[in-house]
Amino acid sequence: MKYLVMVQGTQADYEAMQGKASEHSVAWSQEDVQAMYAFMSALNDDLAETGEMVDGQGLAEPARTRHVTLGEDGKAVITDGPYSETKELLAGYWVLDCASLERVTEIADRIIRCPQPAGAPVYPVVIRPIDDGTGDI
């Protein structure tokens with residue numbers, strides 16, 4: 001079964017990783033950022049080695065996001081980020097091909113332990129099965 005495993009973040013989190021503290025998060029040091037990238041790199045290497053990694057990417061900060069919706073007149077309404085009304089957004093993801101929900105949950109438990117400085121916000125890791133269209137969910 002394939003699963004989408006997602007991590008969340010806010011614009012303030014991205015800024016914190018650039019060394020800018022806020023009421024939302026402490027500033028990250030270069031060592032904090034390097035530890036996070038080393039952790040993620042090791043995780044990705046392990047998942048590739050087991051054959052469970054299909055894809056995984058970190059996403060650009062919310063300030064570089066664009067929303068496209070339909071206006072009342074049926075024309076596209078384009079809004080560039082950042083979005084002050086939005087809280088957490090997708091910060092990164094993995095598409096994993098795992099034998100069971102228990103296995104992907106073990107991986108999510110590993111992800112949630114990614115090193116970060118004390119005082120940084122902690123978000124849940126979200127697991128969503130990917131519907132393959134066969135009707136089995």
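The values are calculated or read from the model by the stated rules, or taken from the named source; none is laboratory data. Model, not experiment: these values are computed from the prediction. All Cβ positions, glycine included, derive from the backbone under ideal geometry; neighbour counts span all protein chains shown. We work out accessible area using only protein heavy atoms, side chains counted, and drop any ligands, DNA or RNA first. Shrake-Rupley method; radii C 1.70, N 1.55, O 1.52, S 1.80 Å.
Quick notes on this one:
- Within segment 61-73, the set of residues being assigned to a loop (DSSP other than H, G, I, E, B) and open to solvent by 50 Å² or more (accessible area, probe 1.4 Å) comprises GLU72, ASP73.
- Here THR105 passes the criteria (1) part of a strand (DSSP E or B); (2) within 16 Å of VAL125 (Cα to Cα) except the one numbered (1).
- Boolean, ALA21 is over 19 Å from the mean Cα position of the chain (by Cα), closer than 20 Å to TYR123 by Cα and of a type in the set (A, V, I, L, M): yes
- In segment 5-26, of all residues being among the aliphatic types (A, V, I, L, M) and open to solvent by 40 Å² or more (accessible area, probe 1.4 Å), the one that is nearest to GLY92 (Cα to Cα) corresponds to MET17.
- Every listed requirement among (1) over 30 Å from ARG103 (Cβ atoms); (2) open to solvent by 40 Å² or more (accessible area, probe 1.4 Å); (3) under 17 Å from the mean Cα position of the chain (by Cα); (4) without any contact (Cβ under 8 Å) to a residue 40 or more places away in the chain is met by ALA42 save one, (1).
- Some residue of segment 104-113 being in contact with a strand residue (DSSP E or B) (Cβ under 6 Å, 6 or more places away or on another chain) and modelled with pLDDT of 95 or more: yes
- Of the candidates ASP80, ASP109, ASP97, ASP55, the single residue that is exposed (fewer than 12 other Cβ atoms within 10 Å of the Cβ) and either in contact (Cβ under 8 Å) with a residue 24 or more places away in the chain or touching a Phe, Trp or Tyr at 6+ places or on another chain (Cβ under 9 Å) (or both) is ASP55.
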